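Read through the structure below, which is laid out as structure tokens, and then see the notes.
The values are calculated or read from the model by the stated rules, or taken from the named source; none is laboratory data. Predicted, not measured: the structure shown is a model, and the values here were computed from it. Ideal geometry is used to build each Cβ from the backbone, glycine not excepted, and the neighbour counts take in all protein chains shown.
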Amino acid sequence: MELIIIGVVIFLIFVLSGVRIVRPTHRGLTERLGKYNRFANPGFHWIFPFIERMYRVNVTESMINAEPQEIITNDNLNARVDAQVYFKVKADEESVKNSIYNVNNYIYQIVNLARTTLRNIIGTMTLKSANSERGKINAELHKTLLEETRSWGIEIVRTELKEIDPPSDVQETMNKVVKAENEKVAAIDFASARETVADGEKRAKIKEAEGYRQAKILHAEGDAAAIKLVNEAADQYFVGNAQLLRKLEALESSLANNAKIVIPTGSELVNIIGEMAGVVPLKVGK
């Protein structure tokens, strides 16, 4: 009886030791006596203990840091460069096999390949162009990694240039240049604003001058019209009567000073004044 219990226990241990669960985020490779035997998708699997062995491979997207490094640029400046690489092992059987059998520790290999590629790319560029052409560097790095890892069963999703830091003295100089540029832009903006205000004031003064000029013109036109009427009246009533015109002007001057003048009834001057006022003098019978 005891032997049976012991046998059952040993059997259970044997069975349970061969149980393998593959999660949806992984794929499995099963080797038998050191040779590839079968592919394991997510779910329950059982391997023969001590004879078979399963390797699980993560197929989700992962990120690795290429680690900061000092790179000498084309203008002989030491730039501190860091980048990140996003990748994943393809989920099909052939790709998972390649990630295990075609490369030794693909994470370590990707890091070193990225560092070498960055040195080759940035080493041909000046520090200024490297900072302004990050997209180009990312594109070249991604292209190189994609080609070099093609046989590893790996897909390089994207690469991100994390930083390109110049030496501290160069950085200080660059900060001063940026500050000077900002001050220059601010000064130009202020000058433009003042110019706009000056233009507004100039236009306002021009409008004011035009209004004053128009008023003077209208006033002059009014004076001209009045003179014209006087001339027409003179032509109508005083043609050939210069002496009467002089008398009328003297009368106007005297009335302006509130003087009283007695004019004989029936004189020519009374007749002229009455006719101009629209009053017809009464005719006195003889």
Pairing a residue in region 108-126 that is buried (at least 21 other Cβ atoms within 10 Å of the Cβ) with any residue that is assigned to a loop (DSSP other than H, G, I, E, B), where Cβ atoms lie under 8 Å and the two sit 6 or more apart in sequence or on different chains, gives Ile110/Thr149; Ala114/Ala66; Leu118/Ala66; Ile122/Thr73
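Within region 1-53, how many residues are among the charged types (D, E, K, R) and in contact (Cβ under 8 Å) with a residue 60 or more places away in the chain? Show your work before the answer.
Taking region 1-53 first, the residues among the charged types (D, E, K, R) are 2, 20, 23, 27, 31-32, 35, 38, 52-53.
Now drop any that are not in contact (Cβ under 8 Å) with a residue 60 or more places away in the chain, which leaves 27.
Counting residues in region 1-53 that are among the charged types (D, E, K, R) and in contact (Cβ under 8 Å) with a residue 60 or more places away in the chain gives 1.
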Taking region 39-68 and keeping only residues that are at negative phi and of a type in the set (Gly, Ala, Ser), one is left with Ala40, Ser62, Ala66
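Table: residues versus (1) modelled with pLDDT of 95 or more; (2) part of a loop (DSSP other than H, G, I, E, B).
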| site | (1), (2) |
| --- | --- |
| Ile4 | no, no |
| Ile10 | no, no |
| Phe48 | no, yes |
| Ile64 | no, no |
| Glu70 | no, no |
| Tyr86 | yes, no |
| Ser99 | no, no |
| Ala114 | no, no |
| Asn120 | no, no |
